[in-house]
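First comes the structure, then the notes that go with it.
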Amino acid sequence: MKVDIITRHSVPNYGSLLQSYATQKVIEEMGFESEIINYTRYEERYKNLVNTLIKGKKWDKNIITRIIYKMIQEPNYTKMYRKFEKYRKNFLKESKLEYGNLQELKDNIPEADVYCSGSDQIWGKIGTVEYDEAYFLKFIEDRTKRCIAYSSSFGKEEIDGSLEKNINKLLKNYSDILVREDTAKSILKKHGIENVEQVLDPTLLLNKEQWSNLTNKVKNKQKKYILVYQLHDNKSFDKYAKEFSKKTGLKLLRISPSIYHITRSGKLIYLPNQYEFLSLFQNAEYVLTDSFHATVFSIIFNRKFVDILPGKTSTRITSILKLTGLQDRILTKYDDFSFINKNIDFSECNTIIENERKRSIELLKKAIIGENNNTIDLLNKHYKCTGCRMCVQICPVKAIDMKENEEGFFEPIINKEKCIKCGLCFKRCPQLNDVKVGKKINSHKVFAMKNKNTEEQKNSSSGGVFSVLARYVLENNGAVYGACFDEKLKLEHIRIDKQENLYKLRGSKYLQSNTKNTFELVKNDLNKGVKVLYVGTPCQIAGLKNYLGKDYEELLLVDLVCHGVPSQKLFDKYLTWLKKKNNSSIIEYEFRSKEKKSWGLNLKVKFESGKERYIPANLDPYYKSFLNGSTYRECCYNCKYAKIERVGDITIADYWGIEKEHPDFYDKNGVSAVIINTNAGFKAFENIKDEVEYRDTEIEKIIAKNKNLQEPTIRNSIRNNAYKDIDRKKFINYSKKNLKFKKDIKDIIKNLIPIKIKKKIKKIIK
């Protein structure tokens, strides 16, 4: 789902820039795509801005004063706008097209599923006009598109003129209206618009840690100072700041995008970038301001502050102070310096903000999705669905089914006649919601590990650690769930409760497994007190966790370091070709056989005729395209789980590069990289450690050869046509054309060289 935002993102104002960033960031963290509509009214562009600003001012009396005003202001505004353009470039995701008026938006409407009037004073006076219909989304004529407002503001307590007359008409197409100030809510209520919620400014939707991640970019940070951020002309403010500095003995720093602030008290920090701006608030001893966003960042970073209210436009400041119970930080007399020694107890304030943050984010998410929206259709449309089947299994009326798309990936479809609109599918969807992780240990425990049982080790992909964990659970009358090929080589998750069936779950399977109804079975087991081990890709583990909705002491979750998954349909087409080529049915397929060349990437195929084939990965069309990352489900290229913060209790991968990092621990039968993420994972390790050999290692060493612990697989150009005409073409012809498969002579020669000789060659080269 794509959400486009229109807001005041391009003006040379730090609050505008940062609220735009925060809105986009929060929406993206929900799992949606987001773009800022690059809208700047022509009269507000820096080449025209001075002419716009002069209108109605004393400087507009005659040609001489106008010339003087332009000479003074044009260089200043040109500098400001160019700097902020630079700041925005790699900070915001803007639309490629730039718009300058409402008509241009209507003529070339940005493509999105949801349109959002973003935060700030977008519903009040803009430039020379009373209001701008673009900020009321009047360019959206398609009524199937959702129009919402988040944290929008009029910037004043009352509205009048044509805005008051037209407000109902302007807002009639909005499905959800979320405003920033209580005054805005009151204005709309007066006009009969009742279904309005008050929410936080977007900058408050990100917490202290998230903003601090940006300030970490600043190397040379100021120390021991009072920070002034002043937007309005006020000589008394200036005098007060100067006296405040004297009484505290602290230096005075002033931020401004305007060079003319050099004439005011304090050392001017002229046009700092957004990271420096935030850092100055983060490290200030005191903040003196008439700015709403300066107040917000003082609250976020828990800094002592004084608000000098700017008159008519102060509603947004008083609103946030009222919410947090900090009205006593408003300066009422310019001889009041009691703020110097008056501390702020931020504990209650932080709790209020945290609760409001959760509420505001939830309201925004609901506004985007909508109660009547077919969320699943949108997930499918934008390739966000992972196919975990959580929604299918959690639906209380079984209104959701899985259907195969044209590429062979299964996607959920809602039966609208059965649907009772309970919302469980989108409330629990791991692509739209955070996934709760079990109780984390202080830091990852990272091991090189291998099974002491050589037979189990040989029959596993890497070091055979999964088998040890599974055996422990089964020995304690538990159940183990994992991926298994059925008799037709369809990959699905199954449940086993006997050790003699453990062989079915061993080994890598490089395609998407169907989880079927295993989440339901797991819940039944857990409710009966049965110990459960579930192994799968991170998205499957995430689906199970969100399905269960809580932690279980008897549950152990193991996620695999996953590159991505091809479809069963593609695999079936490949198997049909392989069967015809060898004139015999396939009775066994093993992606990672160790029989011929020990631990590596060599597949084994056993045919009904008795024939067995051992094929190196780079000489097989299906395998090679998998390794190249050309055939994965589209969501795999934007995998939210490809990071070191894992959803499982334990993470397992091949320890590629073990011969370099720990040469004495190398084993031709395979070595596993094992990451312990939670207390439950560590407890499991304590129970099996006598059954394995292990060596402490470092996460960086594992990441070096397992890049999907850090980032998703990069989508290559071959993927554009990878599944094109899959139904019609013979597989080998299809693979040559669409997967660009060819047997490289280098690969052929390389695979003819025995492993022992390869190792000797590597030593000689070194």
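Modelled label positions at residue 499 and residue 398, each set 7 Å beyond Cα in the direction of Cβ, lie 3.8 nm from each other. To the nearest ten degrees, helix 346-369 and the longest principal axis of the Cα atoms of the chain are 70 degrees apart.
Adding -39500 (n - 2.57) for every DSSP H run of four residues or longer, then dividing by how many residues the chain holds, sets the calculated 222 nm ellipticity at -10500 deg cm²/dmol. When +1 charges are put on Lys and Arg Cβ atoms and -1 charges on Asp and Glu Cβ atoms, the dipole computed for the chain relative to its Cα centre reaches about 2700 debye.
Ordering 234, 309, 260 by Cα displacement along the dipole of region 208-342 toward the positive end leaves 260 in first place; charges were set at the Cβ atoms of Lys, Arg (+1) and Asp, Glu (-1). Site pair residue 608 and residue 55 shows an inter-label distance of 8.2 nm when each label is modelled 7 Å from Cα along Cα→Cβ.
Annotation: extensible slack from residue 553 through residue 520 equals 10.2 nm (criterion: 0.36 nm per residue apart, minus Cα-Cα distance).
Candidate cross-link partners of residue 57 among the lysines, defined by an alpha-carbon separation under 17 Å and a same-chain spacing of 8 or more, comprise 70, 125. Could you state the angle between the C-alpha long axis of helix 235-248 and the longest principal axis of the C-alpha atoms of the chain, as a value from 0 to 90 degrees rounded to the nearest 10? With both axes taken from Cα atoms, the answer is about 70 degrees. Averaging the Cα positions of each part gives two centres, and for region 122-174 and region 226-281 these lie 34 Å apart.
Using R₀ = 51 Å, calculate the FRET efficiency as 1/(1 + (r/R₀)^6) where r is the Cβ-Cβ separation of residue 338 and residue 662; round to 0.05. After rounding, the FRET efficiency stands at 0.20.
Of 366/683; 452/701; 145/440; 523/643, which sit over 30 Å apart, Cα to Cα?
On the way: 366/683 39 Å; 452/701 23 Å; 145/440 41 Å; 523/643 27 Å.
In this structure, 366/683; 145/440 lie more than 30 Å apart at Cα.
Here is the list for region 73-152: GluC sites (Glu not before Pro) lying in DSSP coil, each with at most 15 other C-beta atoms within 10 angstrom of its C-beta, are 111, 130, 141. Subtracting the Cα-Cα distance of residue 239 and residue 362 from their residue separation scaled by 0.36 nm leaves 39.9 nm.
For region 188-274, the list of trypsin sites (Lys or Arg not before Pro) that fall in a loop by DSSP and count at most 14 other C-beta atoms within 10 angstrom reads 217, 219, 221, 223, 224.
Nearest 0.05, what FRET efficiency do residue 251 and residue 720 give at R0 = 56 Å with Cβ-Cβ as r? Could you put the intermediate results ahead of the total?
Working: r = 58 Å, r/R0 = 1.03.
FRET efficiency, residue 251 to residue 720: 0.45.
3J(HN,Hα) along region 178-184: 10, 10, 8, 10, 5, 5, 5 Hz, from the Karplus curve 6.51 cos²θ - 1.76 cosθ + 1.60 with θ = phi - 60°, whole Hz, x for Gly and Pro. Projecting label points 7 angstrom from Cα along Cα→Cβ for residue 644 and residue 96 puts them 3.6 nm apart.
On full extension, the segment bounded by residue 441 and residue 208 gains 81.6 nm, given 0.36 nm per residue less the C-alpha separation. The simple Förster model, with R0 at 51 Å and r as the Cβ-Cβ distance, assigns residue 220 and residue 66 a FRET efficiency of 0.75. The loop-placed trypsin sites (Lys or Arg not before Pro) in region 481-582, going by DSSP, that have at most 10 neighbouring Cβ atoms within 10 Å of their Cβ come out as 488, 498, 528, 550. In this structure the amide hydrogen of residue 228, modeled in the peptide plane, comes within under 5 Å of the amide hydrogens of 253, 254, 255, 288, none closer than 5 places in sequence on its chain. Straight Cα distances below 16 angstrom link residue 185 to the aspartates and glutamates 120, 157, 158, 160, 164, 176, 194, 197, 201, with same-chain residues fewer than 8 positions distant left out. Within a straight-line Cα-Cα reach of under 15 Å, residue 668 can be paired with the following aspartates and glutamates, leaving aside sequence neighbours fewer than 8 residues apart in one chain: 455, 456, 595, 654, 659, 693.
With the cut-off at under 11 Å, measuring from each backbone N in region 103-131 to a point 7 Å along the Cα-to-Cβ line of residue 165 picks out no residue.
Computed from the alpha carbon atoms alone, the convex hull of the chain holds 209 Å³ per residue. Label point of residue 452 set 7 angstrom out along Cα-Cβ; within region 684-723, amide nitrogens under 18 Å from it belong to 684-696.
Here is the link list: 25/640; 235/267; 624/740; 55/89; 581/736. Which ones come out longer than 19 Å on Cα distance? Beyond 19 Å between Cα atoms: 55/89.
Here, each number is a calculation from the coordinates, and none is a lab measurement. Everything quoted here is computed from the prediction, not taken from an experiment. Ideal geometry is used to build each Cβ from the backbone, glycine not excepted, and the neighbour counts take in all protein chains shown.
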